[in-house]
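Inspection log for the structure reproduced underneath, given as structure tokens.
The values are calculated or read from the model by the stated rules, or taken from the named source; none is laboratory data. Please read all numbers here as calculations on a predicted model, not as lab measurements. Reconstructed Cβ throughout: ideal geometry from the backbone, glycine too, with neighbour counts over all protein chains shown. These area figures cover heavy atoms from the full protein model, side chains too; ligands, DNA and RNA do not enter into them. Shrake-Rupley method; radii C 1.70, N 1.55, O 1.52, S 1.80 Å.
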Amino acid sequence: MGRKAPLILYLISILGLFCLIYNLFTLKYCVTAGYLVNIYNQLPQTFWVILVITFFLGAILVLCNNYPTFRIIGAFILLLNYFIFLMIPYELGYFSFNYADDLTYLGEVYDIKRTGHFNPDDFYPATHIFYAQVSCLLDIMPNILSFTMPAFFSFTFIGGTAIFSKLFIKEKVVIYLLLPVCLIYYLRYMHFSIAPHYSYYTLMPLFLFLLYKYSLEEKNVPSWNLTILPFILSIPLGHPFITIFAACILFIPILIKRFLRLKLNSTGSFLAILLVTTLTWLTNCYFLLHFFGKSFNAFVERIIQPVALKGVSYIAKANQVVTPAELCRTIVLLYGRYLFPFIVIAIALIIILLDRKKKIPFNREYKFLVIFFVALGIIDGFFIFNPVFTHTIQRVTTLNYFTYIMIPLLALSLYTIFLRKLSGARILATAVVLAIIQGISLTGALPSPRTHETNFGVPYEEVTAMQWLFDEKGNDPVLSVLDPQIASRFCDLFYGWSEKNQRKDINRYHYIVPDHFGYNDDENEHYKYKGQYVITLYQIKRIYTDVYRFSKNQDVLMRFTAEDYDRFNNDPNVNKIFDNRIIEVSKS
């Protein structure tokens, strides 16, 4: 007969399920007021607090080693709580959750559905083809898939990471601990992205698992070859950064076998196939070849700079606008999901190094993971410091490859510090630490003024307005205040890359609204650029009129002010032809 469960576990289960039901109804029936700069304000503050409380309660139940029924209830609570978070932008009624690349990616998916083929300029088509196929098979609009499929890839990341981590974990408690550790929001807003980089990033833990098993097999089993080969063949069509990462990972076993003389199955053939496939795709995709050529020329001419230098310049500019305390708070919100696990891992590593009597059974696995963690950190360092293959600092510092190893390391570290001797107090302490990390990751997961960003959500009203504008405007150019790419991105969405490139009225680099709308100190001066449509997003106006005006440093460039907007709206040479309090369209 099984042990009788304590009453407290029943109470925790009931409270956790009640919190789930409360948040489900809150999210489902919330009344939104359209677009808000701070997405956290679109839901009651209790919703966000209960997300953390629910995670805390689920973590306690999962760690109940002697009560499998409560472990299952805890796992259910944790997974459903995670799913609620992933559905937030969809339930708030957004069309998509990214103004920039994701609108272009959606346009490519629509284009594949319409034409049956991908554009030759699309140098990472694999994800777009997959989305288009799913959209056709399930008869779901691609913009709806832009919410559901990222959730699918997020759960794929969790499952793959858990399977890979179990290779190094033998203790049952640590295996149970993996679930709440995996459910921290490590990838921030990328959890809602349809970017090919993100999709393939989430598949890499499965790739690492298969490669590890293949390398250690005593015999070269054909089934492993057949399982790994689809990854190898599709990676070059996924994203260049993933291709570089996969090449590095395939090269590591070759180095180990060569210098450490360990008996491993060679990954040389996989590496050769990857390189041949990449070179074939590179030589046949003009746009990709042109991209690398342009990047190399920019490096030679010192036009571009590494991501690290971009980050330093951002911090230097931030110091002019915010106080050091505010800057530290922002860094904690943006990177606390890494900083606090690093602290826990460092403490556990010190304990293991001081373990003279070898009482910790898995110190060998822990040290191996630390070495692997450093190796992946070096790969991440390449993307941060290399001056040729650069990307936005947000993307590079969000999709970090060391996360694959940080997760099992964090689980083992928490076990080392708290759970070697199970007790209610130790389980509670572990759940508290996890809830703190999860709460910090939740606070910085969505773009908001807390992290000096604005809500990335694209409202349906904005898409409808832009569709009307492109249908009715004729050949006059469209300009966007602040970001000249916005008009181009919507053109990608509506017409696809191929048709957009044929339109002379859209060019993301040529049409830029001048600072202060071109006004000078002369009060009688009018807007002097004729025959243009100027679009202003509500969030952009809020940035310049509500956020930047609080800057105490007058040397900071203020491209637009509230006075500029008032002057532009009252200009006799400008007619406002559309305004739905989310987007304004004016004709000069």
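Structure summary
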read-out	value
Packing-based order for 456-467, 6-17, using average beta carbon neighbours within 10 Å, highest first	456-467, 6-17
Förster radius 45 Å - calculated FRET efficiency between Glu461 and Ile252, Cβ distance, rounded to 0.05	0.35
Within the accessible area of the stretch 100-252 (1.4 Å probe), percent carbon and sulfur	69
The stretch 41-75-the stretch 414-489 distance, computed between alpha-carbon centres (Å)	22
Share of carbon and sulfur in the accessible heavy-atom surface of the stretch 423-490 [1.4 Å probe, %]	57
Approximate spin-label separation Ile175-Ile163, in nm, with each point projected 7 Å along Cα-to-Cβ	1.5
Listed residues Lys263, Lys113 arranged by accessible area, highest first, probe 1.4 Å	Lys263, Lys113
Neighbourhood net charge (12 Å Cβ-Cβ; Lys/Arg +1, Asp/Glu -1) for Val62	+2
Heavy-atom SASA rank of Trp48, Trp224 (probe 1.4 Å, accessible area, largest first)	Trp224, Trp48
